[in-house]
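Reading through the structure tokens given below for one structure.
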Amino acid sequence: MDIVYNVVVPIFTSLLGGLIAGLFTFLGVKMTLSHERKTHETDLKIKQAEQHKQEIEKTIERNKRIILTRPEMTITKNNKSIKYVEEICLLPYIKPELFDEKTILFGYSEDIFKEDYWNKYEIVLQNTGKRTIVSAFLHIPYKSGFNIYGKIELKSWQEAYFFNYYSDENLISTPICPNEKIKIIIYFPKIAPALEDKCLDFYCCDEDDNYWYQRNVNANFKCEAEITAPETYRMHLQQDCNYWFIYDHFYYDKNVKKCFNKNISSLLEERKQKIWANTDKQEKFINAVNRGEIALKYKLPLE
């Protein structure tokens, strides 16, 4: 028994004490490592958040600089060194009819092929921005009440099978570098003098693949070009923006057969929903650009 008390017990006590001490040491080290890991993770999150904030701030500043160097068309009285001439014709909605549930035709007579049917005026537009326009089109404003056609396109109707159709845009078939000028000759019927005061919108894509929208490009007062979402640009280019307004007109026209009303009501609602959805996307796109969540594109060093 003396051996047990004098030898075994001290050894056991020593081992137990060592285990307990080792356990506390282990737990202490584990807690220290856990604390250090959490501190590291917190520091990393703070660092990442700071880096993200800096990136957002850089994107905001870069977007501002890109917007400052955007292409922009300005009316000028200098008609020298014109690069390109575009002739367009404006025609009011005359006797619109539904050819089928997806096609609208207008009652334009053969008088439109006579030169004395038209009045005209012209404007010279200069790219006063710092980016080249690689593609562009003129577009009629929403609820304008008139169509827009290229003059050559209109003349082709004399031998065309399909004509008198709806059109709310006209392509500009040339790139426009900074300081270059184009001339737009605008024809309108003498019987519709109010069309001389109608404004046109201008959409373009620049060399960096950013999209821009400029209201009332043919007005004497200048409207600055605004960034626009790619989806908005494509929707207007595909003539899918104002079309539903004409269907809306037909839907409530008492002279249109009720069978057409039934057929186009679903199409009308579909187009409205599409327009509203795009409006929401456009607003979100602009807000995201302003907040630096979307970075505008650029291929060359910014000035």
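Does Ser144 satisfy the criteria of being among the hydroxyl-bearing types (Ser, Thr, Tyr), in a loop (DSSP other than H, G, I, E, B) and in contact (Cβ under 8 Å) with a residue 12 or more places away in the chain?
So Ser144 fits the description; yes.
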Checklist entry - Where residues in the range 147-200 are part of a loop (DSSP other than H, G, I, E, B) and small (Gly, Ala, Ser), which of them is nearest to Ile246 (Cα to Cα)? => result Ser167
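Residues to consider are Asp208, Asp253, Asp201; find the one that is over 30 Å from Ile56 (Cα atoms) and modelled with pLDDT of 90 or more. Write out each step before concluding.
On the way: Asp208 fails: over 30 Å from Ile56 (Cα atoms); Asp253 fails: modelled with pLDDT of 90 or more.
Exactly one of Asp208, Asp253, Asp201 is over 30 Å from Ile56 (Cα atoms) and modelled with pLDDT of 90 or more, namely Asp201.
How many of the residues in the range 78-97 are in a strand (DSSP E or B) and touching a residue at least 24 places away in the same chain (Cβ under 8 Å)? Let's see the steps before the verdict.
The first filter runs over the range 78-97 and keeps only residues in a strand (DSSP E or B), leaving 82-92, 97.
Adding the requirement that they be touching a residue at least 24 places away in the same chain (Cβ under 8 Å) leaves 82-92.
So the count comes out to 11.
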Item to check | Residues (more than 21 Å from Lys143 (Cα to Cα), at pLDDT 65 or above and of a type outside the set (D, E, K, R)) located in the range 256-290 | outcome: Phe285, Ile286, Asn287, Ala288, Val289, Asn290
Item to check | Among (1) open to solvent by less than 30 Å² (accessible area, probe 1.4 Å); (2) under 26 Å from the mean Cα position of the chain (by Cα) - the single one Ser135 does not satisfy | outcome: (1)
Checklist outcome for this item: With the first residue restricted to the range 98-113 and required to be in a strand (DSSP E or B) and at pLDDT below 90, and the second required to be surrounded by 11 or more Cβ atoms within 10 Å (Cβ to Cβ) and among the β-branched types (Val, Ile, Thr), Cβ contacts under 8 Å at 6 or more apart or on different chains are Leu98/Ile104; Leu98/Val256; Leu98/Ile264; Ile104/Ile246
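The values are calculated or read from the model by the stated rules, or taken from the named source; none is laboratory data. Quick caveat: nothing in here was measured; it's all calculated off a predicted structure. In this analysis, Cβ positions are derived from the backbone assuming ideal geometry, glycine residues included, and neighbour counts consider all displayed protein chains. Just the protein is used for accessible areas: all its heavy atoms, side chains included, with ligands, DNA and RNA removed. Shrake-Rupley method; radii C 1.70, N 1.55, O 1.52, S 1.80 Å.
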